[in-house]
Every structure is written in C-alpha cells, then in structure tokens.
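Shown next, in structure tokens, is the structure this report addresses.
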Amino acid sequence: MLRQQKANFPYKFPQCTELVYTMIREILDSSNISQSRLSNPPPCFPPPTRERKVTVAGRSHSNKLQRILEEYHQILPTVMSFASRVFAITGGASGMGLAVAKLLSKQGAAAVCIGDLNKKNFESAIKEIRAENPDTAVDMSALDVSKSAAVEEWISSIVHKYGRLDGAANVAGVPQVARQSSEAGPTLLDESDDMWRLHMGVNLDGVFYCTRSQVRAMTALRHKGDKTERSIVNVSSMAALSNGPSCLSYGVAKTAVVSLGARIAKDVAPFGIRLNTVLPGATNSPMLSQFFPGDAKSIVATLGYDVLEPEDIARTIVYLLSDESKKISGVSLPVGSGH
Ligand SMILES: NC(=O)c1ccc[n+]([C@@H]2O[C@H](COP(=O)([O-])OP(=O)(O)OC[C@H]3O[C@@H](n4cnc5c(N)ncnc54)[C@H](O)[C@@H]3O)[C@@H](O)[C@H]2O)c1
C-alpha cells in the first residue's frame, strides 16, 4: 500500500488527514526520493534543503515537510483549514448536527465537542464520527441549551480541555407540528403558554446563550494573544421566511434567530469572529415527521419543496465555518428550493 501511495504522491490523496502526514513523514524519512523521481512534480516542489525541525499544526516536522504542507494549503485549502481546530456543535447527536460533526471530522478537525439533550444517541453518534476519521477527538456532553449556566459551563470546559475554540455550530432545536387555521378557529388559539415557552426557550434562548458563551470564550482567547479568525453558524429555518400561521411559536423563534445573527455579526467582527445563519428547508432528519405527521415526504412535495438531506445542510455550515468563507459574515443563507 505504501508503495502505491508513494507512486501517487503528492497529487492523489483524497484528503489531507493523519494518514497523509504520516505518509509524507515516512517518505521524507526513508528518503532517497527526490524531485526527479516523482512522475509529475509540481513546479514549486521543494528543492532539497538542510533539514531542521519545525512545528506545523501543533506537530513537529521537518522543514521540507512544511514546504509540502504549504503547497497542500494551496491545493486543498478547506481540508487544511480544519487541521488542529476545535469545534462546538449543539444538537450534534442527530440529523444535521451529526452530519456537521461527521464532515468536520472527515475534513481533519482536531476535536468536535457535541452538546445535546438526548444521551440515547451518544454512542451511535461517536461511532459514526470516528468512522469518518479516528484521529478526531469526539466529546459528548449532555446539555440543555435553554439553560444559560449549563451552556456557559459546557463552553468553558471545552476551552479548559483543548485550550482553543475555533468554531461553533448551534444546531439544536425542537419542532412544532405544522397546522393551518380551520373553521374551528385561528391556530393562534391552540398555541399554549407551554408551547410558546418551549420554542422561545430552546430555539431562541438556546441559540442566544450558546452564541454569547462562544463569543465570550473566543474573545478571551483573542485577548490572550491568539489572533485566530473564528466562525459561528446558527441554524434557523425556512419557517423564518414564511408569514403563514403554521408553526407559529417555532416560526417566530426562528425569525428572531435571523435577526440575532445579523445584529451580533457586526458586534463581534472587530474581534475576528464571523457569525452567519443558515435557513434549512425541509430536511430528511428524525425531525421531519414531527413537523408533518404521516407521510412527511409526500406532504412536503405537495407544498412544492424539495426534501434535503442533512449532509446538504452540513456542507453549507462547514463551508461557513471554514476559511473558504472568510469575509462572509452577517449573512442569512437559505438552503433548498421553494423559498
Ligand atoms: N428537519 C427539518 O426539516 C428542519 C428544517 C428547518 C430547520 N430545521 C432546524 O434544524 C436544526 C436541526 O434539526 P434536525 O432536522 O437535525 O433535527 P434532529 O431532531 O435530528 O436533531 C435535533 C437535535 O437537537 C437536540 N435537542 C433538542 N432540544 C435540545 C436542547 N434543549 N438542548 C440540546 N439539544 C437539544 C435533539 O436531541 C437532537 O439531537 C433544528 O434547529 C431545526 O429546528 C430542521
């Protein structure tokens, strides 16, 4: 296998993970390999230089390796931008949040730290994330995002453990059955105090508490001299774009999340933090059937919407967490047709 990988070096690696670091190190260490022996060397392939040790992404490497890694930065900027980075993800035990954690792991994140209310899914989530990349540390915490003190403690524990927080995706949320007004009366009259509080508590307060704790931690790290550019992504919903009566409490909370993001983005920009909001359309997660009991996919189709996969949303969120989207902040981005 090593021989085959050597033959492909440096172009054909699917992604720049630990395997690639190890491979490059092995090649250089073993090495009588030189520029002339590569089948198709890039023009800027490092000429032989005197070896010395340097640190790249928290690891000690030879300076030749550093030159190669710099080249990978140009070829695969998104992949490289996650190396050694630590992320907090709420709602990461299921659906879109889990898809985000898996994609970050696949892209080489150092750690994904998940806060979720539902502990039942923790074991299977850890397995799925590790299957993407066993080198990513996976941290699962039982967390209710509607509890301010618990959120603060969770974020502090991440910084305490890893010494950094590079990005966050606030994905956790609760659904509401979609209903239309009928002759019996407006849907407003069915909206109980408990329903309203649940949606404000989880879907709005939860996003606010998480964003605030993450910004607090990120600002503190910056004040300590770590000038890394950081990114937060909040998840709203296409329900924020609709003025219909359906999902009233849910829709109002998700609309407020959009407003929250736009306002906070300006406030945190001077501290090297970007904040964007993603508005998913109907997505094939366990939540979908809770919006549309029965044959959810058919109901969504009759409404004229595509059904998205959690991975469609994850790609957007991960893009916004990456350096590929640097300079994009304060944006509310709908994903999916029918908006
Ligand atoms: N699925 C859709 O059609 C759809 C469409 C638009 C927006 N959204 C939004 O996308 C986000 C992700 O939803 P999903 O589709 O992946 O659903 P999901 O049910 O698969 O995942 C939601 C996760 O949030 C967690 N959660 C719920 N309450 C929590 C709390 N108080 N604290 C911490 N974690 C909590 C759940 O345990 C679950 O793991 C939600 O904010 C949802 O409102 C979903």
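The values are calculated or read from the model by the stated rules, or taken from the named source; none is laboratory data. Remember, it's a predicted structure, so these values are computed and weren't measured experimentally. Because the Cβ atoms are built from the backbone with ideal geometry, glycine has one as well, and the counts that use them run over all protein chains shown.
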>> Go through region 221-280 and report how many residues are more than 13 Å from the ligand (Cβ to nearest atom), basic (Lys, Arg) and crowded, with 21+ Cβ neighbours inside 10 Å.
In response: 2
>> I'd like to check something: does region 290-306 contain any residue that is closer than 28 Å to SER329 by Cβ, more than 10 Å from the ligand (Cβ to nearest atom) and surrounded by fewer than 20 Cβ atoms within 10 Å (Cβ to Cβ)?
In response: yes
>> When you check GLY115 against the structure, is it crowded, with 20+ Cβ neighbours inside 10 Å, in contact (Cβ under 8 Å) with a residue 12 or more places away in the chain and on the phi > 0 side of the Ramachandran plot, yes or no?
In response: no
> Within region 111-122, is there a residue that is of a type in the set (A, V, I, L, M, F, W, C), in the same structural domain as ASP166 (by TED's automatic domain parsing), assigned to a loop (DSSP other than H, G, I, E, B) and within 16 Å of the ligand (Cβ to nearest atom)?
Replying inline: yes
>> Is it the case, given these coordinates, that SER213 is in contact with an Asp or Glu (Cβ under 6 Å, 6 or more places away or on another chain) and closer than 25 Å to ASN276 by Cα?
In response: yes
> Can you spot a residue in region 157-176 that is aromatic (Phe, Trp, Tyr), touching a Leu at 6+ places or on another chain (Cβ under 7 Å) and either part of a helix (DSSP H, G or I) or assigned by TED's automatic domain parsing to the domain that holds PRO280 (or both)?
Replying inline: no
>> Taking the conditions exactly as written (at pLDDT 95 or above and out of contact with any Pro (no Cβ under 9 Å at 6 or more places or on another chain)), does VAL335 satisfy them or not?
In response: no
>> Looking only at region 123-149, filter to residues that are within 20 Å of GLY167 (Cα to Cα), surrounded by fewer than 19 Cβ atoms within 10 Å (Cβ to Cβ) and polar (S, T, N, Q); which one of those is nearest to the ligand (Cβ to nearest atom)?
In response: SER141
>> Suppose we keep only residues that are in contact (Cβ under 8 Å) with a residue 40 or more places away in the chain and surrounded by fewer than 14 Cβ atoms within 10 Å (Cβ to Cβ) within region 180-197. Which one would you say is farthest from GLY97 (Cα to Cα)?
In response: PRO186
